[in-house]
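Report on one structure; see the data block that follows.
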Amino acid sequence: MSDSLLALLRWYADMGVDLAVGEEPRDYLAHAGPQAAPVVAPASVVPTSPTAPIPPRQAASAPSIENLARDAARAAAAAATLDELRAELERFEGCGLKTTATQLVFGDGRAGAQVMFVGEAPGADEDRQGVPFVGRAGRLLNRMLAAIGLAREDVYISNIVPWRPPGNRTPSSLETAACLPFTRRQIELVGPQALICLGAPSAQTLLGIKEGITRARGRWLSYQNGDATIRAMAMLHPAYLLRQPAQKALAWRDLRLLARELERLRAEQPAGE
Ligand code: URA
């Protein structure tokens, strides 16, 4: 490789470019789904002369949020276990993020965990390893759990969308809506007593929070989980705490609230469960 090419690649890396998505721009929001018509014209109408004008590409008709959510709800409802839900997600073609991600990042933990954390979306490390919260933010989350006596194995951890958005952007409302039935079903199948939403996108999506996360955090709310109503709270995202370490005091306050609530829930439980 020539020195100038190497220098260019190094410059891209320094600028934070960590993903090559193709030579031509592509509208990932217009991801067509499994039944959509092919976007390439049939061979018989493709001009053979190199000078003939290239016909405009036929746009794929973008599925509506309602259709995506309906397909997703049907697939998610068909899953009776977390393994089946993972398999349904592997088959699901209704979220454009799948096309740019390396792999699915399904939730991590066991069904029946007392508390479930839901973050925003996998980052580069998670995309590479296929496990949520394994990068810097994940290591901080592990330390936060340890501070209230919880091991990673004690909790269930997932995200609002299970594929990494290109360049770590916030997932769009279409992407979030397409994945939401899977997220909700995952919470149902885990069956936690408490749900913690890490960061604004998770809190807005699952708890309907409209105000900023710094105002909404640290307050117990309710989440309707199938037939059960469970305790739910928004907390600051560990990635935000890495950028704003002074806010760790607020996170510590929320962690203490969580520890107290888990203790109370345990005490309420009939002996032997
Ligand atoms: N941030 C998230 O929201 N989720 C992850 O899995 C990693 C970082």
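Bear in mind that the values in this text are calculations on the coordinates, not laboratory data. All figures in this text were calculated on a predicted structure; none of them were measured in a lab. Positions of Cβ are generated from backbone atoms using ideal geometry, with glycine treated the same way; all protein chains shown enter the neighbour counts.
A few remarks follow.
- In this simple spin-label model, placing a label point 7 Å from the Cα along the Cα-to-Cβ direction at both residue 102 and residue 260 gives a separation of 4.2 nm.
- Cα gyration tensor, segment 223-272 - rounded (a/c under 1.5), prolate or oblate: oblate
- Altogether, the Stokes-Einstein calculation at 10 °C and 1.306 mPa s, with the Kirkwood radius of segment 124-249 over Cα pairs as Rh, returns a diffusion coefficient of 104 µm²/s.
- When only Cα pairs below 8 angstrom with a gap of at least 6 residues are kept, segment 114-234 shows a relative contact order of 30 percent.
- Exposure proxy ranking for 185, 91, based on other Cβ atoms within 10 angstrom of each Cβ and starting from the fewest, stands as 91, 185.
- The trypsin sites (Lys or Arg not before Pro) of segment 215-249 include none that DSSP puts in a loop with a beta carbon having at most 10 other beta carbons within 10 Å.
- Of the chymotrypsin sites (Phe, Trp or Tyr not before Pro) found in segment 156-231, the ones in coil according to DSSP and having at most 15 other Cβ atoms within 10 Å of their Cβ are 220.
- As a calculated quantity, the FRET efficiency between residue 269 and residue 152 at R0 = 22 Å, using C-beta atoms, amounts to about 0.50.
- Cβ-Cβ distance of residue 73 and residue 169, R₀ of 25 Å, FRET efficiency by 1/(1 + (r/R0)^6): the value works out to about 0.50.
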